[in-house]
Amino acid sequence: MVANNPIIYYINKTGVHTIVTKNCQEIPDISHLREIARQVRLDIIEMLFKAGSGHTGGSLSATDILVALFFAQMRLNPQDPCWPQRDRFVLSKGHAAPALYAVLSRLGYFPREELFTLRQFGSSLQGHPDSSCTPGVEVSTGSLGQGLSIANGMALASRLNGGGTRVYALLGDGEVQEGQIWEAAMTAAHYRLDNLVAVLDRNRLQIDGRTAEVMSLEPLAQKWEAFGWHTLEVDGHAFPELLAGLQETHGVKGRPSMIIAHTVKGKGVSIFENQVKYHGVTPSKEEYEQALKELHAA
Amino acid sequence: MAAQESTRVEYGKALLQLGKENPDIVALDADLSGSTQTKHFAKAFPQRFFNLGVAEQDMLGTAAGLALGGKIPFASTFAMFATGRAWEQIRQSIAYTKLNVKIVASHGGVSVGEDGGSHQAVEDLALMRILPNMVVLVPADGPETRAMVRWAVEYQGPVYIRTGRMPFPVIYDEDHRFELGRGYILREGEDVTLAGVGLMVHHCLEAAHLLAQEGVSARVLNLSCLKPLDWQLVVDSARLTGAFVTAEEHLATGGLGSAVSEVLAEHCPVPLQRIGLRDIFGTSGKAEILLKHYGLMPDDIKGAAIKALARKNGR
Ligand SMILES: Cc1ncc(C[n+]2csc(CCOP(=O)(O)OP(=O)(O)O)c2C)c(N)n1
């Protein structure tokens, strides 16, 4: 399967990807990560257009974060999705499922054609991640605010099982308005989960408007810091920063890490960028064509 | 009088024993480890016990993650807070993907007593029974509690077990074994069926005794496995006796009474009287007084049986 997938071959040849190797030791080729992200965005647009429903803005804002994690950070084995030593990923903001699916298929977890069955009856790609139907999806999510607790449990289990496995969770900024997130924030610090890394997709928008207007979050970094987390802020679209941030978390001992990734909702397609409206709206025919044009030219 | 044991105390002992046998068992609590009795496990296995503080939603989510990591988590708090506060976490994070989490919640029903209505779960069975993939169990005594907890360790999937605060009389032998989906006939009879869960099983037995003194022979069932329900036993009993009474320390809607109604309505409609709280919350008071106040005593069950019999005989 992998041999038939030009992208994987390309990545392996140039050593960007670190499947089954220890933590990303080599400096990944940033331009290749950018290229993967561009193709993931193309897939997202295609999937959403064909599905006719789904979440555009939050999938595009999270794309670079997911590419950094899956192509240059996590230890995975797409040929054996249940490989016990794999790192775990929780898409707590489950509505960004299209981005996760596009990344997983590109890694070879399932054939690319399946992407275009998104949200259809009988598809293995549910509207929100479902671990019982999709290879590579570790946790079922969609109801916001629950993923960090689950990630904590996985990190505790990893420790009991002798360690080695790291757990990554991706949160939305609107999502952290949920009280359970802060319960989980306390838990992760209390149990000193240094094998846990949360990334917060700080795109500053939610459904009803700007987070600052709907429910203010600032000072956000200080909040996580005060809750006992090693907290850093990066540009969530700049691979060198994302990778350096992720790398830094490996040196953190005795506490969990929070990477606040500053992003743009709808990133990569000018008409969707920073537009509240495109949270849960998929591209029209014209928008779809313009998006493809832009991404092809990028 | 039979020995008295409280199901929560027996849970605590069983968990400790099973913890010694199986290193994959972990326990979680939300600042009620004394009340729920997970404290014994916590003391013996501090590395495998996680107190989440007063944060039930986080506790159930953490349990889900531990299950995903191959552990067998037992999460405990009061029935009200487990099933009420964290219902959606149980639905989304546990039941939806059939994760191997065991929720053993104490303080079910009004026999909680003085703490009052805020702490008496009278809707937990309804909240759990409605969930796909969830197994719902209400042990009637100590041996059944131990058998259920032992069974739950072997079973792959989510299980809800409701325990009580008050000591109940012991019904089963020490070597009792639990089987999923099986109801138990505790007393044979032909005129009416009395079916209960938890403490009410004992009250059904006493009611049967009272009825016998008046020449009425009652079959008594323990439907401790509320979901999946032993519907065949319910139907067979309805066919045999032609009249049915359910009894639970719970609202008369959503729990055992509803489960039996559903089966009878579809397969064998016979007169049914439901003993349970009637669209009302609990209140403070001594357990014995509350059980009387809400009509949950053997005498009340006997009265319901006589009503069901009258309906059966067209009176
Ligand atoms: C518990 C819950 N409440 C509401 C929703 C509906 N919902 C889906 S996405 C969303 C906004 C999320 O905002 P954010 O976390 O900032 O996501 P992003 O902007 O990155 O897409 C809401 C309210 C949900 N999925 N879960």
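The values are calculated or read from the model by the stated rules, or taken from the named source; none is laboratory data. Just so you know, these numbers come straight off a predicted model, no measurement behind them. As a convention, Cβ positions derive from the backbone with ideal geometry for all residues, glycine included, and neighbour counts pool all protein chains shown. The area values use the complete protein model at the heavy-atom level, side chains included, leaving out ligands, DNA and RNA. Shrake-Rupley method; radii C 1.70, N 1.55, O 1.52, S 1.80 Å.
Which one of A:G251, A:G280, A:S270 is farthest out on the positive end of the charge dipole of the stretch A:247-298, using unit charges on Cβ (Lys, Arg +1; Asp, Glu -1) and the Cα centre as origin?
The residue sitting farthest along the positive end of the dipole is A:G251.
Quick one: pull the percent of accessible area on the protein assembly as shown belonging to carbon and sulfur, 1.4 Å probe, ligands and nucleic acids left out.
Percent of accessible area from carbon and sulfur atoms in the protein assembly as shown: 52.
Hey, got the dipole for the stretch B:184-312? About the Cα centre, +1 on K and R Cβ, -1 on D and E Cβ, debye to the nearest 20?
Dipole size: approximately 180 debye.
For the stretch A:79-182, which chymotrypsin sites (Phe, Trp or Tyr not before Pro) pass both filters: DSSP loop (anything but H, G, I, E, B) and at most 14 other C-beta atoms within 10 Å?
Loop-located and lightly packed - A:F121.
Mind checking the mean number of beta-carbon atoms from other chains within 10 Å of the Cβ atoms in A:156-167?
Counting other chains' Cβ atoms within 10 Å and averaging over A:156-167 gives 4.
Using only the heavy atoms of the protein chains and a 1.4 Å probe, how would B:H293, B:H267 rank by accessible area, largest first?
B:H293, B:H267
For the stretch B:175-194 and the stretch A:182-209, write down the distance between their C-alpha centroids in whole Å.
If you average the Cα positions of each part, the centres end up 49 Å apart.
Can you give the mean number of other chain Cβ atoms that lie within 10 Å of the Cβ atoms in peptide A:132-139?
Per-residue shielding by partner chains comes out at 2.
Determine the dipole magnitude for the protein assembly as shown: charges of +1 sit on the beta-carbon of Lys and Arg, -1 on that of Asp and Glu, nothing else is charged, the reference point is the Cα centre, and the result goes in debye to the nearest 20.
The calculated dipole for the protein assembly as shown is roughly 440 debye.
Out of B:C268, B:I72, B:M200, whose Cα points farthest toward the positive end of the dipole of chain B (charges: +1 Lys, Arg; -1 Asp, Glu; placed on Cβ)?
The one lying farthest along the dipole's positive direction is B:I72.
What does the structure give for A:181-192 when I average, per residue, the other chain Cβ atoms found within 10 Å of the residue Cβ?
4
Quick check on the stretch A:137-274: of the DSSP beta bridges with both residues there, what percent are antiparallel, nearest 5%?
Bridges in the stretch A:137-274 that DSSP calls antiparallel: roughly 5 percent.
Arrange the residues A:Y191, B:Y184 by how much accessible surface each exposes, largest first, with a 1.4 angstrom probe.
Most to least solvent-accessible, the answer reads A:Y191, B:Y184.
Treat every Asp and Glu Cβ in chain B as -1 and every Lys and Arg Cβ as +1, leave all other atoms uncharged, and give the resulting dipole magnitude about the Cα centre to the nearest 20 debye.
Its charge dipole is roughly 300 debye.
Under the rule of -39500 (n - 2.57) per DSSP H run of 4 or more residues, summed and divided by the residues of chain A, what mean residue ellipticity at 222 nm is obtained, to the nearest 500 deg cm²/dmol?
Rounded to the nearest 500, the figure is -12500 deg cm²/dmol.
Determine one quarter of the surface area of the Cα convex hull of the stretch A:7-297, which equals its mean projected area, and express it in nm² to one decimal.
For the Cα atoms of the stretch A:7-297, the hull's average projected area reads 13.6 nm².
Using θ = phi - 60° and the Karplus relation 6.51 cos²θ - 1.76 cosθ + 1.60, list the HN-Hα couplings for the stretch A:58-64 in order, rounded to whole Hz, with x at every Gly or Pro.
Once rounded to whole Hz, the list reads x, 6, 6, 5, 8, 4, 5.
Using a/c under 1.5 as the rounded threshold, could you call the stretch B:197-269 rounded, prolate or oblate? The axes a ≥ b ≥ c are square roots of the C-alpha gyration tensor eigenvalues, and prolate needs a/b larger than b/c, oblate otherwise.
In terms of gyration-tensor shape, oblate.
With all protein chains present, calculate the accessible area of B:H209 using a 1.4 Å probe and round the result to the nearest 10 Å².
Per-residue accessible area (B:H209): approximately 100 Å².
Take every DSSP beta bridge with both residues inside the stretch A:195-266 and express the antiparallel ones as a percent of the total, to the nearest 5.
Around 10 percent antiparallel, to the nearest 5.
Roughly how large is the B-A contact in terms of buried accessible area, totalled over both chains, probe 1.4 Å, nearest 100 Å²?
Between B and A, the summed buried area is about 1900 Å².
Pick out, from A:M47, A:S132, A:G57, the residue whose Cα sits farthest towards the positive end of the charge dipole of chain A, with +1 on the Cβ of Lys and Arg and -1 on the Cβ of Asp and Glu.
About the Cα centre, the residue reaching furthest to the positive side is A:S132.
So what's Rg/Rh here for the protein assembly as shown, counting alpha carbon atoms and using the Kirkwood radius for Rh?
1.06
If you count the DSSP beta bridges with both ends in chain A, what percent of them are antiparallel, to the nearest 5?
For chain A, the DSSP antiparallel bridge percentage is about 5.
Compute the separation of the alpha-carbon centres of the stretch B:242-315 and the stretch A:230-260 and state it in Å as a whole number.
The distance from the Cα centre of the stretch B:242-315 to that of the stretch A:230-260 comes to 59 Å.
Quick one: check the C-alpha center-to-center distance for the stretch A:39-109 versus the stretch B:27-71, whole angstrom.
Between the Cα centres of the stretch A:39-109 and the stretch B:27-71 lies a distance of 32 Å.
Over the protein assembly as shown, average the accessible area per residue using a 1.4 Å probe and give it in Å², no decimals.
37
Which of rounded, prolate, oblate describes the stretch B:4-169, given a ≥ b ≥ c as roots of the alpha-carbon gyration tensor eigenvalues and a/c under 1.5 marking rounded, otherwise prolate only if a/b is larger than b/c?
Note, shape of the stretch B:4-169 comes out rounded.
Show A:I36, B:I130 ordered by accessible area, largest first, where the area counts protein heavy atoms only and the probe is 1.4 Å.
Accessible-area ranking of A:I36, B:I130, largest first: B:I130, A:I36.
Would you mind putting A:198-208, B:211-221 in packing order, based on average other-beta-carbon counts within 10 Å, highest first?
By packing density, highest mean first, the sequence is A:198-208, B:211-221.
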